[in-house]
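Novice: After the structure tokens below, expect a handful of questions from me.
The values are calculated or read from the model by the stated rules, or taken from the named source; none is laboratory data. Remember, predicted model here, so these are calculated numbers, not experimental data. Backbone-built Cβ (ideal geometry, glycine too); neighbour counts: all protein chains shown. Protein only, heavy atoms only, side chains kept; ligands, DNA and RNA dropped before computing areas. Shrake-Rupley method; radii C 1.70, N 1.55, O 1.52, S 1.80 Å.
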Amino acid sequence: MKLSSRGRGCCVAGSRERGPPPRSPFVHQLRLSPLEKAKIAFMTLTLFPIRLFFAAFMMLLAWPFAFIASMGSDEQELEKPLSWWRKIVDILLKAIMRMMWLAGGFHWINVKGRQALPAEAAILTVAPHSSYFDAIPVTMTFASIVMKAESKDIPVWGTLIKYIRPVFVSRSDQDSRRKTVEEIKRRAQSDGKWPQIMIFPEGTCTNRSCLITFKPGAFIPGVPVQPVVLRYPNKLDTITWTWQGPGALEILWLTLCQFHNSVEIEFLPVYIPSEEERKNPVLYANNVRRVMAEALGVPVTDYTFEDCQLALAEGQLRLPSDTCLLEFAKLVRSLGLKPETLEDDLDKYAASAMKMKKEVDLKEFSAYLEFPVSHTLESMFALFDENEDSIIDIREFVIALSVVCKPSKTLETIQLAFQLYQSENGTIIEEDLAHILKTAMGVSQINVTHLFRAVDEEEKGEITYDDFYRFAELHPHFAEDYLYADQMEDESGLETSSLSAPNGICTDFSPENAEDRNKPLQKKLN
């Protein structure tokens, strides 16, 4: 797969330049200078333990107030105006929470604009979502949020969560998402009886370099929403907690080691949907996202939470941060290929690719996919047009589609690739392996010499899939060991973790197939 200058958002072959967005929104690289490391070491021994103690103390102090105020509350009582004593508890809890953030180095919180009344906007849409520190506006407003049902069982934190009357999502209930949308709609249309609902429509954490696709849940009710944008204008970004980058505890430690942490919360004007937007939640979501992106001065991208799963899938080939497969996945969706039928489509396209000629032009590519020529199809074609001669290798499309379809099943993709590239005696050469792996990783160039020689123990100059499979069983981390170990070390200022600690705020934070990472390697039979 080539990273063509004509492919949108991809690199020029052999370079590191990219179009917007300039980097993967799901990766955070934190580089520390020697001076910053020395500062953090000093703060770790002095200010950090004091801050951690006071922040924890404030959270514990808030617990009894939240517990007492939450006792015996039924739904009918929750819909009534707050009683005088609950208003006092509300003020006390907000003050305690503000002291907790003050202890964490957020000495002042810069608030711009005016928060709308519940009758003006029942839903607050907050973006970009990049950290558990995004809970700051939640504790300032005590707006209800959408959270995992498991969060209410967390000691202390669960009691504070229940106090703000959240909408819980249960991952064990297959019908939970529909019920959640219905509950949001019911509360949003209650004429201000319920508190405002604060929703992070991106559905996962990013590095704030762009706004990814908004999920439509907040916009299905068709009621006015108030966009709220967050900024963290700090010289050193210790706030961002993404899928790939410093872990949750590391972020907490580094942030508490900063003398001052800045945060800006801007309440934008209430967005009142048109009749067309009320009928089309996706259009409504896109238009609100555009308004928020303009206020932030960042681009929008069609990347989604599903792209996050692709980028950080736990297969043997972990995609690099500059992979072009995220762009490819976006084009696959734009083309109209549906996720639920993608595996069937893959089987069909793979079978056709094995019977037809390998090099095709745009018209033949259109016929192969059974889609008319369009701007989206041309952009997809350009991703694979390595020599910019309007000819692509159809096998590369099949390999890329397999990765998008089954991101955590690396060996299934490689087995399919062997079937596409192998000679009559079932072997491939080093050049074929290079084509396979650079396509599977979505990069312009890759050196497979060390890997090929390691697999080719008999030095025959060719390998079979069985050879590769046996090697992968013995070396499950062959990509890190033989392909991009040096690159990964260069790109990581801190040790990265890919994941999944539930933060309670991101309702879709953990991939559904996370259990696949612990499954033993299994050979797929032909």
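Novice: Order the peptides 294-300, 144-150 from the highest to the lowest mean number of other Cβ atoms within 10 Å of their residues.
Specialist: Values: 294-300: 15.3, 144-150: 21.4.
The packing order, highest mean first, is 144-150, 294-300.
Novice: Going through the cross-link list Lys330/Lys363; Lys152/Lys193; Lys148/Lys279; Lys215/Lys235; Lys112/Lys148, which pairs have a Cα-Cα distance over 26 Å in this structure?
Specialist: Working: Lys330/Lys363 21 Å; Lys152/Lys193 23 Å; Lys148/Lys279 28 Å; Lys215/Lys235 31 Å; Lys112/Lys148 30 Å.
The answer is Lys148/Lys279; Lys215/Lys235; Lys112/Lys148.
Novice: Here's another thing I want to ask about it. Leaving ligands, DNA and RNA out of it, rank Glu359, Glu120 by accessible area with a 1.4 Å probe, largest first. Before the final figure, lay out each step's value.
Specialist: Numbers: Glu359 120, Glu120 75 Å².
Descending order: Glu359, Glu120.
Novice: In square angstrom, rounded to the nearest 10, how much accessible surface does Thr44 have for a 1.4 Å probe?
Specialist: We get 40 Å² for Thr44.
Novice: Sticking with this one: If packing is taken as the mean number of other Cβ atoms within 10 Å per residue, what is the order of 159-167, 92-100, highest first? List each step's numbers first, then the result.
Specialist: Working: 159-167: 21.3, 92-100: 17.3.
In decreasing order of mean packing, 159-167, 92-100 become 159-167, 92-100.
Novice: Kindly rank 410-418, 447-455 from highest to lowest mean number of other beta carbons found within 10 Å of each residue. The partial results should precede the final answer.
Specialist: On the way: 410-418: 22.3, 447-455: 16.8.
Ranking the peptides 410-418, 447-455 by packing returns 410-418, 447-455.
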